[in-house]
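Input: a single structure, listed below in structure tokens.
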Amino acid sequence: MERPAPECRLPSNSFPAASPGDGFLLRVQGLKKHFPIYKGLLGRTVGYVYAVDGVSFAIRKGETLGLVGESGCGKSTIGRCLLRLYEPTAGEIFFQGTDIGKLNPGEMIRFRTKMQMIFQDPYSSLNPRLRVREIIGEALRVHHLVPEGDWTDRVRQLLAEVGLQPDHMARYPHEFSGGQRQRIGVARSLAMNPDLIVADEPVSALDVSIQAQVINLLDSLKEKHGLSYIVIAHDLAVVEHISDRIAVMYLGKLVETARDRDLYLNPKHPYTEALLSAVPIPAPGGRERRKSRKLIQGDVASPINPPSGCRFHTRCPKMMEECRRIDPPLIEIGPEHHVACLLQGGGRS
Amino acid sequence: MAEIPTSNPEIDEAAPSMLSLVLRKMWHLRMGVLGGLLIFCLIFIALFCPYLSPHDPFKQDITKRLWKPAFMEGGKAEYPLGTDHLGRDLLTRILYGTRISLVVGLAAVILMLTVGVTLGLVAGYFGGKADAVISFLVNCMMGFPFILLAMSLVAVLGASLQNIIIALGLTGWPVFTRVTRIETMKLRDREFVLAAKSLAFSTRRILARHILPNLLPAILVLATVEVARAIIRESLLSFLGLGIQPPTPSWGVMLAEGRDYMLLQWWLAAFPGMAIFMSALGINLLGDALRDLVDPYLRKT
Amino acid sequence: MRTFIIKQLIQAVGVCLVISMISFFLLFLNTDPALLLLPPEAEVQDIAKFKKQMGLDRPVPVQYLDFLRKVVLHGDFGNSFVAKVSAAKLVRERLPATLELALAALILVNLVALPVGIVSAIRRYSLMDNVATFTALLGQAMPLYWFGIMLIIIFGVWLRWLPISGSDTLAHLVLPAITLASWILPINMRMVRSGMLDVLNQDYIRTARAKGLVERKVLIKHAFKNAAIPVITITGMQLGALLGGAVVTETVFAWPGLGRLAVDSIRMGDYPVVQAIVVVFALFVVIGNLAADILAALIDPRIRLE
């Protein structure tokens, strides 16, 4: 576990500013992940990739949070930090009240069963040398979640839940299509009866027609199993249908979070507006928006050397002079609607 | 080393058509089948040589020394390949030599595998200092001519079947480590390994059930080729006098003995060498065909 | 770039150290060195006195450091147990013969591998290519000493074209050089071919974009230039194999070089000479690899970043 950097406690611009153990399933506070860059003979650290640079949010039980942003904005990194596949550089992750960022591997096991992940690439997320029943059932057997003789029944059950046939159990991953493989991945994550599933770009590698199927599958499973989701995607259209709330990320920080409809009807951050204007699927107010298609200028800034002040200022069509200097914190401008933009009146410090 | 076909008519007059690619594949497979056949013969001979050989490989008879092979003038049919300087039937000794070669080859490679793959897994999966040390070791050993190392080892340990296997195994493992390490490093970032980690599987389990099985194709191909190399190296050591000692019928020993007589009784050196050559060739052919088969599979996954 | 070279140098030195350590400790693995030097009837107290005299009673690591010092500063490996002269001197005497053989083999290999490899790459899947690939396959299965012996039998005995042992004339060099060359040839051919293929693929793309035809001559000239590079790098990497092959070749052809000395010395337990040869070989291999690595990095900057 990396020791957090000294200035790890951000001023509380996270939402909602309550203490842990107050009914939130997951609360992330000031999460940072910096990857060091090594160079030179002795492997000196010459810089960092500021993949995640101070992110805070929370999820209630039964909620689905959509986490959206461009490639490289850090969203996948957040997902992996949550599961401690990466060690956070700073910040806390409270799961059901416990700070799991500080647990040792033995203690972590208990929580691992409650948080699972669905991965992006259906062609590398399943072990090609194991049969489907082993892929899904391995966790059951290793952690003795099910009496020894019953695990194949449970696997059959899980397969049925994701819409696959029981006789698929004996096959190998390469015999399945991309969409089917994702379903197997979903089944695998369900095996542990988790409370939270982090879906890391679950449909990015699939055809559009299949995407909807998988998203619908996730949605239908949610009610049935009392799941909460974090769905990570780079496409707003993907999360729109399934999310209760949406968080938009840019270059390692959150720029706007809101309830689903609020974000679509009333986006406040210029970046969100631009993302929405690119959505091809008819969304509320879509026709008007498409008329005023907002294009973002310029390329993505680098997470190694982020721009000063507001990170988006180099590409923002509404940039002001102060945006260069001041990095706006995330402030609440409506019920469960937070924005980090000086235009909304954030921090004149 | 699979290539992507180009078709630049100015350069490539023999522009590969689909047909020629298919033919090439079939050719490779056919060669593989041939290799497989050769190996099958080898194993068969090794198992059943007492029943196949006309004579006793150790029986000496000075009155019959240096007789010509049956197909030459003056040769006798009961000694199809002639006799050596102690009157022993050459064919019989060659047949019995199969056993030595196969045993040594397989045992040495098993030793190499055990050491090499383990080190490669550690270096590839854990990285860091372990990797630095192991890679350094591998570099040390790989550039160095195996012969000196192996010879010295044998000289120090004494020349016996066991010690040769040990010497070969201890000098041949680096190539396994190198390959295992690279493949492991590729695999450890794959999503199914991450999934296994998120499912809280122990490192041992991940290595054994998730990483190792996916290494097998590459290692298998390598092991096949290394068996051939081990056979050649064993016969080399025996040839130099630092391997199997006479009267055990190792092909290398026979070559060494034959060398003294190569001026007149050339068959004493030619046929054992031919046996080594054919064995190595068969194994290499099989290995090449295996690699061809395994490559698209590796890439698909 | 500089850090790369320094890293490689440090590694090279480390390798040499490790190898010197191994070769030194070999001596102690088997027997007490004192016993090797003294006549068999020596009494126990004589042995003890001798050891004290020679400094053989000191702890082994100390002896190793002493050995290292002598080697690095004076090039002194002690005296040969057998010949009673300085081991270094013996090595120095025999080195040129081995170098001669190696050089001849290298020239031969490149004479064949370069044109064949290039043509194979240019006319892929042609008859020439297939023959070359097939020959390479055969070559890799061929036991070196058997090849040498067959050459001797065919060319020396049956046809009587060439002499078969000793090293007096240039004619004596032919068969051993061919034999040694065959050891390296298959891999070199393959490497030249694949190196050329890489280059050709690039050129092809550039050519496709450029308008007009490109003269084949120009391409071949360009190709030659680029083929030279992988050749140099492989040669560096193959030094180890070359030296190993030399050991065998010299034994088969009774060539008076280091290789044969090595075999004889090992057989007779002449450890100082063995140590000297091991270190010399290691030096060659390490320097060869170093040169090849640096050259490769000079040409292909990607390697430096690894």
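Please treat every number below as a calculation from the coordinates, not as lab data. Quick caveat, the model's predicted, so the values are computed rather than measured. Cβ placement follows ideal geometry from the backbone for every residue including glycine, while neighbour counts extend to all protein chains displayed.
One table, with the values for the structure above:
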{"quantity": "Protection-proxy order for peptides C:239-245, C:272-278, A:327-333, each taking the mean of Cβ atoms within 10 Å per residue, highest first", "calculated": "C:272-278, C:239-245, A:327-333"}
{"quantity": "Interchain or long-range residues, amide H under 5 Å from A:Val255's placed H", "calculated": "A:Val248, A:Met249, A:Tyr250"}
{"quantity": "Centroid-to-centroid separation of region B:102-162 and region B:231-256 [C-alpha atoms, Å]", "calculated": "21"}
{"quantity": "Segments A:134-147, A:73-86 sorted - mean Cβ within 10 Å per residue, highest first", "calculated": "A:73-86, A:134-147"}
{"quantity": "Members of A:Lys61/A:Lys102; B:Lys129/B:Lys197; A:Lys222/A:Lys268 lying beyond 24 Å, as alpha-carbon distances in this model show", "calculated": "A:Lys222/A:Lys268"}
{"quantity": "Computed label-point distance, nm, for sites A:Met320 and C:Lys70 using a 7 Å Cα→Cβ extension", "calculated": "8.4"}
{"quantity": "Estimated vicinal HN-Hα couplings, Hz - region A:148-155 in sequence order (Karplus 6.51, -1.76, 1.60; Gly, Pro = x)", "calculated": "3, x, 9, 5, 5, 5, 4, 4"}
{"quantity": "Per-residue mean of C-beta atoms belonging to partner chains within 10 Å, peptide B:197-208", "calculated": "5"}
{"quantity": "Residues C:Val44 and B:Asp56, FRET efficiency given R0 of 51 Å [Cβ-Cβ distance, rounded to 0.05]", "calculated": "0.60"}
{"quantity": "Footprinting exposure proxy for C:Trp183, C:Trp255 (fewest neighbouring C-beta atoms within 10 Å first)", "calculated": "C:Trp183, C:Trp255"}
{"quantity": "Within chain B, longest stretch free of exposed chymotrypsin sites (Phe, Trp or Tyr not before Pro) [DSSP loop, at most 14 other beta carbons within 10 Å]", "calculated": "B:72-301"}
{"quantity": "Interchain or long-range residues, amide H under 5 Å from A:Leu26's placed H", "calculated": "A:Ile59, A:Gln96"}
{"quantity": "A:Lys33, A:Lys318 arranged by Cβ crowding within 10 Å, fewest neighbours leading", "calculated": "A:Lys318, A:Lys33"}
{"quantity": "Kyte-Doolittle at least 0.0, axis length at least 20 Å by Cα - qualifying DSSP helices, chain B", "calculated": "B:18-52, B:90-126, B:128-142, B:212-239, B:267-300"}
{"quantity": "Residue exposure sequence - A:Ile37, A:Ile59 - by fewest surrounding Cβ within 10 Å", "calculated": "A:Ile37, A:Ile59"}
{"quantity": "Peptide B:153-159 - average C-beta neighbours from other chains (10 Å radius)", "calculated": "4"}
{"quantity": "Full-stretch length increase - A:Ser177, A:Glu107 - with 0.36 nm per residue and alpha-carbon distance subtracted", "calculated": "21.5 nm"}
